[in-house]
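The values are calculated or read from the model by the stated rules, or taken from the named source; none is laboratory data. Remember, predicted model here, so these are calculated numbers, not experimental data. In this analysis, Cβ positions are derived from the backbone assuming ideal geometry, glycine residues included, and neighbour counts consider all displayed protein chains. SASA here: full protein model, heavy atoms, side chains in, ligands and nucleic acids out. Shrake-Rupley method; radii C 1.70, N 1.55, O 1.52, S 1.80 Å.
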Amino acid sequence: MYRRYGKRLLDLVIVIPALVVLAPVMAVIALLVRIKLGPGVIFRQQRPGLHGRPFTMLKFRTMTDARDEQGRLLPDAERLTPFGRFLRSTSLDELPELFCVLRGEMSLVGPRPLLMQYLERYTPEQRRRHEVLPGITGLAQINGRNALSWEQKFAYDVQYVDQLSLWLDLKILLLTLWKVVKREGISQPGSATAEEFLGSPPSAPVPPLQPGSVGTD
């Protein structure tokens, strides 16, 4: 019952008041992005949603459009500004995703929406992460975020699909607030953002999850 109806109701009960309260904050961030990074306040990108169907994800821009002499975008590390790093470390760049939740394309809690090209790189087990709506936060985000390996992230995603419940969603939301305050796991070690997922070996074992992680009880 919660999976089919209650989860959507929880999203709306939280998101509608949140958009009203956060509207002034989002307006200020939009103005600062425009001043510091130039035109194009919102970053839009096609991402796979429920059952892999594409939708347009919204975020505040955190990078410039700097290019090399051949017109190719520079690496993320060279385009990510100090202001962009601040937005990422505080997760303020994620606020426009609340509109995706309002539209029913995302949920507050679920596996993070990744890149369209990853769909063909998943193992059958990893592909199960698309059996639910993608989320702003999830089990992987509260258990290490980008400090985890791709295989660990996907293991948490599938665990969430199997154990989805109201109680689990509420615990993840509360722990997410704590993780945002601590600013942990913002990027993968040695990378400005997250390294590209190139696929897992078909015989790769499912990595063990952290003892006591949310959802294992």
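Tabulated results
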item: Test: residue in the stretch 172-182 that is in a strand (DSSP E or B) and under 18 Å from residue 15 (Cα atoms); result: no
item: Every residue from the stretch 53-82 that is at pLDDT 85 or above and loosely packed, with under 15 Cβ neighbours inside 10 Å; result: 53, 54, 56, 82
item: Filter result (free of Cβ contacts under 8 Å to residues at least 12 places away in the same chain and either β-branched (Val, Ile, Thr) or touching a Gly at 6+ places or on another chain (Cβ under 9 Å) (or both)) within the stretch 114-126; result: 120
item: Index of the failed condition, residue 124 passing every other in (1) closer than 27 Å to residue 33 by Cα; (2) assigned to a loop (DSSP other than H, G, I, E, B); (3) open to solvent by 20 Å² or more (accessible area, probe 1.4 Å); result: (1)
item: Residue count, the stretch 27-51 (criterion: within 18 Å of the chain's Cα centre (by Cα) and not in a strand (DSSP E or B)); result: 3
item: Members of the stretch 27-39 found to be in contact (Cβ under 8 Å) with a residue 24 or more places away in the chain, within 15 Å of residue 93 (Cα to Cα) and surrounded by fewer than 18 Cβ atoms within 10 Å (Cβ to Cβ), listed by number; result: 30, 32, 36
item: Cβ pairs under 7 Å, 6+ apart, first in the stretch 52-80 and within 24 Å of residue 96 (Cα to Cα) and in a helix (DSSP H, G or I), second polar (S, T, N, Q) and open to solvent by less than 20 Å² (accessible area, probe 1.4 Å); result: 76/193
item: Residue 141 open to solvent by 30 Å² or more (accessible area, probe 1.4 Å), over 28 Å from residue 12 (Cβ atoms), of a type outside the set (Asp, Glu) and assigned to a helix (DSSP H, G or I); result: no
item: Yes/no for residue 152 being assigned to a helix (DSSP H, G or I), in contact (Cβ under 8 Å) with a residue 40 or more places away in the chain and within 15 Å of residue 3 (Cα to Cα); result: no
item: Selection within the stretch 146-160 - under 21 Å from residue 10 (Cβ atoms) and surrounded by fewer than 17 Cβ atoms within 10 Å (Cβ to Cβ); result: none
item: Residue, farthest from residue 17 (Cα to Cα), within the stretch 83-112, restricted to residues that are surrounded by fewer than 16 Cβ atoms within 10 Å (Cβ to Cβ) and small (Gly, Ala, Ser); result: 89
item: Residues of the stretch 81-106 classified as assigned to a helix (DSSP H, G or I) and in contact (Cβ under 8 Å) with a residue 12 or more places away in the chain, total; result: 16
item: Number of the condition not met by residue 64 [criteria: (1) closer than 25 Å to residue 134 by Cβ; (2) in contact with an Asp or Glu (Cβ under 9 Å, 6 or more places away or on another chain)]; result: (1)
